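Contents: one structure, followed by commentary.
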């Protein structure tokens with residue numbers, strides 16, 4: 001029973017770290033990366049689908065992304081979806097390929113992106129702490145129902161705290177890596 005609680009808390013905390021890594025990948029660091037377009041949705045036969053489901057997305061060089069729609073009529077639709085996204089880029093179409101130049105970041109914009117990264121990391125820390133609180137309250141319930149002893153509860157809470165500390169340290173590492181990546185010119 002205690003092992004299940006520890007395992008569940010550990011799994012949920014790892015998912016928080018994975019979610020943070022995904023969020024950090026969306027914060028662009030001045031280099032072209034296909035994950036920048038992951039959240040762009042394109043209207044396709046009446047429903048919105050991810051850009052990667054209607055086109056090939058690739059990196060041409062460090063500052064240029066290429067998008068090649070699978071169907072010719074989708075060219076203007078994909079281009080419009082990229083323009084209206086929150087990326088602030090201007091796609092250029094040439095034949096069946098859309099090129100997206102990624103402008104270099106200004107110092108001020110870099111600092112803003114670091115703030116965004118810090119807020120994402122804080123959100124992940126809060127999620128991890130909430131998971132710890134849930135696990136500890138479940139342990140207290142088990143103690144209250146006399147299914148475990150006080151020593152078992154304290155020991156399990158210590159393990160959950162150590163797990164929390166290690167995951168928060170991992171979150172700090174992800175944040176530090178992203179900060180250095182963003183501030184690199």
With each label point set 7 Å from Cα along the Cα-Cβ vector, what nm distance links residue 71 and residue 137? 4.8 nm
Compute the acute angle (0 to 90°) between the alpha-carbon long axis of helix 150-183 and the principal axis of greatest extent of the alpha-carbon atoms of the chain; round to the nearest 10°. 20 degrees
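Applying a 10 Å radius around every beta-carbon, put 116-125, 54-63 in order of their mean neighbour count, most first. Display every interim value, and only then the final one.
On the way: 116-125: 17.6, 54-63: 15.5.
For the peptides 116-125, 54-63, the packing ranking is 116-125, 54-63.
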Compute the angle between helix 107-144 and the longest alpha-carbon principal axis of the chain, please, reported from 0 to 90 degrees and rounded to the nearest 10. 30 degrees
Longest principal axis of the chain (C-alpha) makes with the long axis of helix 2-26 (C-alpha) an angle, in degrees to the nearest 10, of 20 degrees
Quotient of Cα radius of gyration and Kirkwood radius for the chain, i.e. Rg/Rh, equals 1.15
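Relative contact order of the chain: what whole-number percent is it, with Cα pairs under 8 angstrom and at least 6 residues apart? Before the final figure, lay out each step's value.
Numbers: 217 pairs, mean separation 48.0, N = 185.
Answer for the chain is 26 percent.
For residue 92 and residue 31, FRET efficiency with R0 = 25 Å and r from the beta-carbon atoms, rounded to 0.05? Write down the numbers at each step before the final one.
Details: r = 19 Å, r/R0 = 0.75.
With a Förster radius of 25 Å, E is 0.85.
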For a Förster distance of 35 Å, can you work out the FRET efficiency between the beta-carbons of residue 180 and residue 15, rounded to the nearest 0.05? 0.90
Roughly how many Å is it from the Cα centre of segment 10-86 to that of segment 159-183, as a whole number? 26 Å
Apply 1/(1 + (r/R0)^6) to the Cβ-Cβ distance of residue 59 and residue 22, taking R0 = 30 Å, and write down the FRET efficiency to the nearest 0.05. 0.95
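Express in nm, to one decimal, how much length is gained between residue 126 and residue 107 on full extension, taking 0.36 nm for each residue of separation and deducting their alpha carbon distance. Don't jump to the answer; show the numbers that get you there.
Working: separation 19, 0.36 × 19 = 6.84 nm, distance 2.88 nm.
So the chain would gain 4.0 nm between residue 126 and residue 107.
No lab work stands behind these numbers, since they all come straight from the coordinates. Note that the structure is predicted; figures quoted are calculated from it, not measured. FYI the Cβ positions are ideal-geometry reconstructions off the backbone, even for glycines, and counts take in every protein chain you see.
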